[in-house]
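Input: a single structure, listed below in structure tokens.
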Amino acid sequence: MRTNYCGELRAEHIDKTVTLYGWVNRRRDHGGVIFIDLRDRTGTVQIVSDPQRTPESYQDAGCLRSEYVVRISGNVSQRPEESLNPKLPTGEVEIYADSIEILNSVNKQLPFQVFTTDTESVREDLRLKYRYLDLRRDRMAKNLQLRHEVVKAMRRFLEDEHNFIEVETPILTRSTPEGARDYLVPSRVNPGEWYALPQSPQLFKQLLMVSGCDRYYQIARCFRDEDLRADRQPEFTQLDMEMSFLSQDEIIELNEQLISHIFKEVKNTDLPRPFPRLTYTEAMEKYGTDRPDTRFGLELVDVAEIVKDSGFKVFSGAVKSGGTVKVLPIPGGNDAISNVRIKPKGDIFNEAVAAGAKGIAYIRVRENNEIDTIGAIKDNLTEEKKQELLTKTGAKPGHLLLFGAGDIATVNKSLDRLRQVIGKELGLIDENKINLVWVTEFPMFEWNADQKRLEALHHPFTAPYPEDIQDLKTARAQAYDLVYNGVEVGGGSLRIYQKDIQQKVFETIGFSPEEAQDKFGFLLEAFEYGTPPHGGIAYGLDRLVMLLAGEESIRDVIAFPKTQQASCLLTDAPALVNKSQLKELYISSTYKPRE
């Protein structure tokens with residue numbers, strides 16, 4: 001039987017006989033003495049086979065190759081002084097192998113080397129196709145272990161310290177509007193009818209509050225049929241929570257304790273509390289985004305009032321049409337960013353255009369606060385307006401001022417993008433810094449220009465502030481998002497728990513009473529049987545672990561992820577199914593492959 005894992009062995013195990021199982025990381029023959037790095041999920045340890053000291057294992061050791069699966073028994077010994085390896089947790093010891101048993105060999109050439117240095121890379125498509133090999137590699141093994149530690153910390157905090165209970169909610173549910181596309185599942189026993197895979201357990205966790213569950217959590221699988229990015233997958237995992245009888249401040253406080261507990265347990269990092277808070281309005285004004293990276297400055301400045309009457313029509317026209325003009329002030333930008341980069345076809349110009357802007361204007365502040373810019377701006381600003389501009393932006397000699405003018409959404413999006421690109425280029429972002437910030441007081445609704453109607457900014461079950469309830473169209477939501485270094489990792493809200501308010505929200509987003517009853521009648525009825533005030537939050541587990549691991553894609557913290565085309569290279573899913581299966585489900589495909 002196995003006595004130890006490879007990565008457990010330390011100096012205190014010296015002179016003990018151990019039995020290990022694992023994979024051959026690599027084999028080295030040093031003038032007759034064979035060294036084997038044996039690996040399991042806990043780490044590696046050095047095995048020695050010496051023809052004089054361990055003759056019975058020597059022949060077997062000579063047959064070993066990388067990734068062979070073996071059982072090794074032997075005596076733990078102190079490494080000689082000259083061969084100590086302080087980089088390895090097991091670097092003080094080695095095992096002299098009394099016996100080596102090959103449990104399985106490698107019969108095909110490996111598609112890539114499992115043992116590689118950090119600087120060696122393997123194409124991602126190969127990694128995903130042979131994911132079981134990729135998961136043996138140190139980087140991925142550590143990421144999976146980190147994910148496990150995060151989930152363990154979550155469970156222990158919620159269950160042992162705050163009386164949460166875990167409840168599983170259905171995977172097969174009904175399709176509801178107001179979200180991303182659903183993954184649909186046909187019902188064989190109910191011909192012509194469909195299930196949907198849940199985008200979140202939202203409605204069920206609210207119903208659990210109606211049931212008196214009080215404090216619920218779940219490590220929940222969720223599904224969304226949407227376009228993919230590095231931090232999105234068609235199926236993903238979230239920590240889902242719901243609580244009754246807690247105020248917004250109490251929910252935020254509990255969650256700050258949770259996040260601090262996770263960081264302490266898995267990173268041994270103490271987070272300062274309370275976390276800073278920004279309202280949605282403040283975040284959009286200062287950073288142009290509701291997911292601000294607050295590790296660095298470069299805050300945006302609204303100068304619409306200063307330039308609204310200027311002769312420069314790009315500025316004045318934007319303000320008069322209901323838009324805005326904002327500035328991104330960049331200290332030292334004169335030396336760091338040339339005119340060529342800002343003008344058409346330059347990389348800074350292209351970044352702004354990629355975010356929807358038509359272009360970008362700029363001012364350079366020279367010695368004695370002289371303004372150097374294109375003539376149209378300079379010629380249409382009075383000396384008084386120039387000084388106002390410099391004062392409001394805090395510009396000094398050497399500053400570069402980048403202007404965004406147009407509708408508010410485009411200006412915010414383009415300057416937010418430039419802020420991030422330039423902040424990174426100028427080395428203003430401390431990659432080792434951890435900044436967590438709450439964003440609160442979101443609008444209840446946003447305008448969907450395609451459908452010409454209001455839609456819920458978060459979801460239609462979010463409660464408005466009581467003082468805003470008379471005009472829901474402009475109401476603020478009692479919602480809160482947690483942002484980690486510019487990435488949203490969690491979002492939640494207080495929920496509606498009164499039938500009349502829920503009906504008003506459905507009406508505001510364009511649901512007829514009949515449609516609301518058809519889609520959500522079960523929820524509306526539940527609200528008539530004594531529903532407690534409640535609220536909750538959900539964390540993107542994949543995204544949180546990605547940030548903790550220092551990875552750039554959630555695919556690197558998921559055991560078996562999909563590609564950006566939502567396919568699995570390992571199993572070749574999705575795939576065609578037998579026509580008889582479709583016939584049983586009363587469906588047929590209308591898809592015709594392109595010729």
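The values are calculated or read from the model by the stated rules, or taken from the named source; none is laboratory data. The model shown is predicted, which means the values in this text are computed figures rather than measured ones. Glycine gets a Cβ as well: all are built from the backbone with ideal geometry, and neighbour counts include every protein chain shown. When the accessible area is computed, the model is the full protein with side chains, heavy atoms only, and any ligands, DNA or RNA have been set aside. Shrake-Rupley method; radii C 1.70, N 1.55, O 1.52, S 1.80 Å.
If I filter segment 17-39 for residues that are at pLDDT below 95, over 30 Å from K129 (Cα atoms) and in a helix (DSSP H, G or I), do I get at least one hit?
No, that holds for no residue.
Looking only at strands (runs of 3 or more DSSP E) that lie completely in segment 422-508, which have at least 1 residues being farther than 30 Å from R295 by Cβ?
445-448, 453-456
Of the residues in segment 565-591, how many are of a type outside the set (V, I, T) and loosely packed, with under 14 Cβ neighbours inside 10 Å?
Counting residues in segment 565-591 that are of a type outside the set (V, I, T) and loosely packed, with under 14 Cβ neighbours inside 10 Å gives 16.
Could you grab me the full set of residues in segment 468-519 that are closer than 28 Å to R232 by Cα, in contact with a His (Cβ under 8 Å, 6 or more places away or on another chain) and either without any contact (Cβ under 8 Å) to a residue 12 or more places away in the chain or not small (G, A, S) (or both)?
Result: L494, R495.
Residue pairs, Cβ under 6 Å, 6 or more apart or interchain, first in segment 549-568 and more than 14 Å from M140 (Cβ to Cβ), second outside any loop (DSSP other than H, G, I, E, B). List them.
K562/C568
In segment 280-289, how many residues are in contact (Cβ under 8 Å) with a residue 60 or more places away in the chain and open to solvent by 30 Å² or more (accessible area, probe 1.4 Å)?
So the answer is 3.
Quick test for you: out of S589, S580, pick the one residue that is hydroxyl-bearing (S, T, Y) and part of a helix (DSSP H, G or I).
Unique residue meeting the criteria: S580.
Looking only at residues that are small (G, A, S) and surrounded by 15 or more Cβ atoms within 10 Å (Cβ to Cβ) in segment 377-403, which one is farthest from I337 (Cα to Cα)?
A395
Tell me, yes or no, whether segment 101-122 has at least one residue that is acidic (D, E), open to solvent by 60 Å² or more (accessible area, probe 1.4 Å) and more than 30 Å from S567 (Cα to Cα).
Yes, the conditions are met somewhere in segment 101-122.
To keep it simple, each residue is scored yes or no on (1) open to solvent by 40 Å² or more (accessible area, probe 1.4 Å); (2) touching a helix residue (DSSP H, G or I) at 6+ places or on another chain (Cβ under 7 Å).
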site	(1), (2)
M1	yes, no
H13	no, no
T17	yes, no
W23	yes, no
H30	yes, no
D40	no, yes
V48	no, no
E67	no, no
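Out of (1) closer than 29 Å to I434 by Cα; (2) out of contact with any Phe, Trp or Tyr (no Cβ under 7 Å at 6 or more places or on another chain); (3) charged (D, E, K, R), what's the single condition that is false for D290?
Of (1) closer than 29 Å to I434 by Cα; (2) out of contact with any Phe, Trp or Tyr (no Cβ under 7 Å at 6 or more places or on another chain); (3) charged (D, E, K, R), only one is false for D290: (2).
Within segment 158-185, which residues are touching a helix residue (DSSP H, G or I) at 6+ places or on another chain (Cβ under 9 Å), farther than 16 Å from Q238 by Cβ and at pLDDT 95 or above?
Selection gives E161, H162, I165.
Which of the residues belonging to segment 114-140 are basic (K, R), part of a loop (DSSP other than H, G, I, E, B) and free of Cβ contacts under 8 Å to residues at least 60 places away in the same chain?
Those that are basic (K, R), part of a loop (DSSP other than H, G, I, E, B) and free of Cβ contacts under 8 Å to residues at least 60 places away in the same chain: R123, R137.
Output the residues belonging to segment 473-525 that are among the β-branched types (V, I, T) and either within 20 Å of Q451 (Cα to Cα) or in contact with a Cys (Cβ under 7 Å, 6 or more places away or on another chain) (or both). It would help to see each step written out before you state the result.
First, the residues of segment 473-525 that are among the β-branched types (V, I, T): 474, 483, 487, 489, 496, 501, 505, 508-509.
Correct list: T474, V505, T508, I509.
Looking for something outside any strand (DSSP E or B) and surrounded by fewer than 16 Cβ atoms within 10 Å (Cβ to Cβ) - is there at least one such residue anywhere in segment 404-420?
yes
Give me the strands (runs of 3 or more DSSP E) completely within segment 141-254, filtered to those with at least 1 residues that are under 17 Å from D542 (Cβ atoms) and open to solvent by 30 Å² or more (accessible area, probe 1.4 Å), ordered by residue number. Show your work before the answer.
On the way: elements: 184-186, 194-196, 215-223, 235-244.
Qualifying strands (runs of 3 or more DSSP E): 215-223, 235-244.
Being surrounded by 19 or more Cβ atoms within 10 Å (Cβ to Cβ), hydrophobic (A, V, I, L, M, F, W, C), in contact with a Ser or Thr (Cβ under 8 Å, 6 or more places away or on another chain) and not in a loop (DSSP other than H, G, I, E, B), is that true of even one residue in segment 322-342?
For segment 322-342, residues surrounded by 19 or more Cβ atoms within 10 Å (Cβ to Cβ), hydrophobic (A, V, I, L, M, F, W, C), in contact with a Ser or Thr (Cβ under 8 Å, 6 or more places away or on another chain) and not in a loop (DSSP other than H, G, I, E, B): present.
Might you check whether a residue that is hydroxyl-bearing (S, T, Y) and more than 20 Å from E242 (Cα to Cα) occurs anywhere in segment 199-206?
No, the conditions are met nowhere in segment 199-206.
Quick one: is F315 open to solvent by less than 20 Å² (accessible area, probe 1.4 Å), more than 17 Å from V437 (Cβ to Cβ) and of a type in the set (F, W, Y)?
Spelling it out, F315 is indeed open to solvent by less than 20 Å² (accessible area, probe 1.4 Å), more than 17 Å from V437 (Cβ to Cβ) and of a type in the set (F, W, Y).
Could you check, for segment 105-113, whether at least one of its residues is farther than 30 Å from H261 by Cα, part of a helix (DSSP H, G or I), in contact with a helix residue (DSSP H, G or I) (Cβ under 8 Å, 6 or more places away or on another chain) and at pLDDT below 95?
No, segment 105-113 contains no residue that is farther than 30 Å from H261 by Cα, part of a helix (DSSP H, G or I), in contact with a helix residue (DSSP H, G or I) (Cβ under 8 Å, 6 or more places away or on another chain) and at pLDDT below 95.
When residues of segment 463-482 are filtered for being hydroxyl-bearing (S, T, Y) and either over 25 Å from the mean Cα position of the chain (by Cα) or open to solvent by 40 Å² or more (accessible area, probe 1.4 Å) (or both), how many remain? I'd like the intermediate steps shown before the answer.
Of the residues in segment 463-482, the ones hydroxyl-bearing (S, T, Y) are 465, 474, 480.
Now drop any that are not either over 25 Å from the mean Cα position of the chain (by Cα) or open to solvent by 40 Å² or more (accessible area, probe 1.4 Å) (or both), which leaves 465, 474.
Here the count works out to 2.
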